[in-house]
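Novice: After the structure tokens below, expect a handful of questions from me.
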Amino acid sequence: MRKRWILGVVGVLVLFLAGCGDGGSPHPPPPLNVVDILSSDGALDGDITFDPLAPVGFEYSPVISSTPPNIVLVGFDPLALTPRPESRGFITFALGSVPPGAIISRATVFLPVLRVSLISPPSVVLLIDMVSFAPLDTLTQEELAATFLTTPILLGPSVEVFPGDAGTDKTFDATDAVIKARNLGLSRLQLRITGSFGLLTIDDLDPELGGIPPLLSVEYTF
């Protein structure tokens, strides 16, 4: 059972600031505080694996997480021969439910950790950057390579994931990335996850199939 402070919640939680009346005198409506819980888009989530030993023209291979086994791979498989293939994960959150003009106070991503396989203890180290990408299964080899190596729109945090994190969520702050996406007029927040010193397997099963994929919590006022 995953250890979540958000269990199976995908939707909008609305919190009203309490106000005090004074005999019916008119007052402007109080600010509306909202915590929006957004599920990642399994049709766009996935990973790209670069295999330096693959035949020319087949070095990059994409996998979409909406297909079984509904996972996203990040990093290097310890069981693979060197030079090991490298997988980079890509996840997308639609931001359409966050209204224009909302003041974003906090955004947090929850990554459901399925497995952690180490090459060098004690952890797999993740770099999580804001990028932009098209559906992975529509890209040519040249486009896959460009997406794999694309320059970030915004550099994100570094996060350590330990074997003991399996079965839990790894969280990281995405406030700057969400604000950046909104300021640029983007309808989606897209992240690339790069891993070192091992392989991270992220669970990305659709909620309609009983899973809990990566989640984005956005707190805002409007």
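For every residue, the table says whether it meets (1) surrounded by 22 or more Cβ atoms within 10 Å (Cβ to Cβ); (2) among the hydrophobic types (A, V, I, L, M, F, W, C).
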position: 168; (1), (2): no, no
position: 174; (1), (2): yes, yes
position: 177; (1), (2): yes, yes
position: 184; (1), (2): no, yes
position: 189; (1), (2): yes, yes
position: 192; (1), (2): yes, no
position: 222; (1), (2): no, yes
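Novice: Can I ask one more? Under the condition of being out of contact with any Pro (no Cβ under 8 Å at 6 or more places or on another chain) and crowded, with 16+ Cβ neighbours inside 10 Å, which residue from the stretch 36-62 is farthest from residue 214 (Cα to Cα)?
Specialist: Here the answer is 60.
Novice: Answer yes if at least one residue in the stretch 120-143 is closer than 21 Å to residue 221 by Cα, in contact (Cβ under 8 Å) with a residue 24 or more places away in the chain, in a loop (DSSP other than H, G, I, E, B) and among the aliphatic types (A, V, I, L, M), and no otherwise. Please lay out each step first, then the result.
Specialist: Within the stretch 120-143, the subset closer than 21 Å to residue 221 by Cα is none.
Looking for residues that are closer than 21 Å to residue 221 by Cα, in contact (Cβ under 8 Å) with a residue 24 or more places away in the chain, in a loop (DSSP other than H, G, I, E, B) and among the aliphatic types (A, V, I, L, M), one finds none in the stretch 120-143, hence no.
Novice: Oh, and also: Being small (Gly, Ala, Ser) and touching a strand residue (DSSP E or B) at 6+ places or on another chain (Cβ under 9 Å) is the filter here, so list the residues in the stretch 194-222 that pass it. Walk me through it before giving the result.
Specialist: Of all residues in the stretch 194-222, those small (Gly, Ala, Ser) come to 195-196, 198, 210-211, 217.
If the condition is that a residue be small (Gly, Ala, Ser) and touching a strand residue (DSSP E or B) at 6+ places or on another chain (Cβ under 9 Å), then 195, 196, 198, 211, 217 are the ones that fit.
Novice: Does residue 139 count as under 24 Å from residue 199 (Cβ atoms), modelled with pLDDT of 95 or more and out of contact with any Asp or Glu (no Cβ under 9 Å at 6 or more places or on another chain)? First the steps, then the outcome.
Specialist: Working: under 24 Å from residue 199 (Cβ atoms): yes; modelled with pLDDT of 95 or more: yes; out of contact with any Asp or Glu (no Cβ under 9 Å at 6 or more places or on another chain): yes.
Spelling it out, residue 139 is indeed under 24 Å from residue 199 (Cβ atoms), modelled with pLDDT of 95 or more and out of contact with any Asp or Glu (no Cβ under 9 Å at 6 or more places or on another chain).
Novice: Among the residues of the stretch 82-92, are any in contact (Cβ under 8 Å) with a residue 24 or more places away in the chain, more than 17 Å from residue 189 (Cβ to Cβ), touching a Lys or Arg at 6+ places or on another chain (Cβ under 6 Å) and among the β-branched types (Val, Ile, Thr)?
Specialist: No: zero hits.
The values are calculated or read from the model by the stated rules, or taken from the named source; none is laboratory data. The structure displayed is predicted, hence computed values, not measured ones. Note that we place each Cβ from the backbone using ideal geometry, even for glycine, and neighbour counts take in every protein chain shown.
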